[in-house]
Amino acid sequence: MKGVILAGGSGSRLFPLTSVTNKCLLPIYNKPMLFHVVESFVNSGIKDILLVCGGNAAGEFLRVLGNGEEFGLKHLHYTYQSEPRGIADALSLAEEWADGEPIAVLLADNIFEKPFDKAVEEFESSPEGARIFLTEVENPQAYGVVEIDG
């Protein structure tokens, strides 16, 4: 399975910090937020990764992540989203690279506490449809909200 990391947003809620860099390159504890996301994929068995980045700091992703060697990757692939036009637009940039294979998608500002290798294995054995990871929060109105029916 291939992994796609979406990091093309503008980070407007973190301005003025994001006037200098992409929010995913800001540190969370001892490393850039994006490192946590790449590690989530690698620790879950996904080692073919495409990073969709954009904005003024797009070149910083290459400088910070390089070819992914620090994470045990042979290659880290990049594509550029010229404007933040949403998740569907960002994913359209990954279509040719995915080449019809199943993909896992993580937003670059989502951090997982544990690997999700079991979910990857389940999806690979039955790749129809999609799997979505959700977490319950006290104030969902501050986030994108998924309504579950039933």
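So that you can scan it fast, the table gives a plain yes or no per residue for (1) outside any loop (DSSP other than H, G, I, E, B); (2) touching a Gly at 6+ places or on another chain (Cβ under 8 Å):
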site: 56; (1), (2): no, no
site: 73; (1), (2): no, no
site: 83; (1), (2): no, yes
site: 111; (1), (2): no, no
site: 119; (1), (2): yes, no
site: 123; (1), (2): yes, no
site: 127; (1), (2): no, no
site: 137; (1), (2): no, no
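Checked against (1) at pLDDT below 95; (2) surrounded by 18 or more Cβ atoms within 10 Å (Cβ to Cβ), residue 19 meets all criteria but (2).
If only residues of segment 36-54 that are outside any helix (DSSP H, G or I) and in contact with a helix residue (DSSP H, G or I) (Cβ under 7 Å, 6 or more places away or on another chain) are counted, the one that is nearest to residue 116 (Cα to Cα) is 44. Every condition in (1) of a type outside the set (D, E, K, R); (2) within 21 Å of residue 24 (Cα to Cα); (3) modelled with pLDDT of 90 or more; (4) surrounded by 12 or more Cβ atoms within 10 Å (Cβ to Cβ) holds for residue 112 except the one numbered (3).
Somewhere in segment 101-108, is a residue touching a Lys or Arg at 6+ places or on another chain (Cβ under 7 Å) and either under 17 Å from residue 8 (Cα atoms) or not charged (D, E, K, R) (or both)?
Taking segment 101-108 and keeping what is touching a Lys or Arg at 6+ places or on another chain (Cβ under 7 Å), we get 101, 103.
Adding the requirement that they be either under 17 Å from residue 8 (Cα atoms) or not charged (D, E, K, R) (or both) leaves 103.
Yes; the residues of segment 101-108 include at least one that is touching a Lys or Arg at 6+ places or on another chain (Cβ under 7 Å) and either under 17 Å from residue 8 (Cα atoms) or not charged (D, E, K, R) (or both).
Taken over segment 50-73, the criterion of being surrounded by 17 or more Cβ atoms within 10 Å (Cβ to Cβ) and more than 24 Å from residue 89 (Cα to Cα) is satisfied by 64, 68, 71, 73. Applying the criterion of being crowded, with 19+ Cβ neighbours inside 10 Å and at pLDDT below 90 to the residues of segment 23-49, the residue that is nearest to residue 5 (Cα to Cα) is 24.
Looking at the structure I just gave you, is residue 52 of a type outside the set (Asp, Glu), within 13 Å of residue 7 (Cα to Cα) and at pLDDT 95 or above?
Numbers: of a type outside the set (Asp, Glu): yes; within 13 Å of residue 7 (Cα to Cα): yes; at pLDDT 95 or above: yes.
The answer is yes for residue 52.
Within segment 90-102, the set of residues being more than 18 Å from residue 24 (Cα to Cα) and crowded, with 18+ Cβ neighbours inside 10 Å comprises 93, 94.
Within segment 131-142, residues that are within 27 Å of residue 103 (Cα to Cα) and without any contact (Cβ under 8 Å) to a residue 12 or more places away in the chain have Cβ atoms under 6 Å from residues that are of a type in the set (A, V, I, L, M, F, W, C) and surrounded by 10 or more Cβ atoms within 10 Å (Cβ to Cβ) in no pair, counting only partners at least 6 apart in sequence or on another chain.
The values are calculated or read from the model by the stated rules, or taken from the named source; none is laboratory data. Since we're looking at a predicted model, the values are computed, not measured. All Cβ positions, glycine included, derive from the backbone under ideal geometry; neighbour counts span all protein chains shown.
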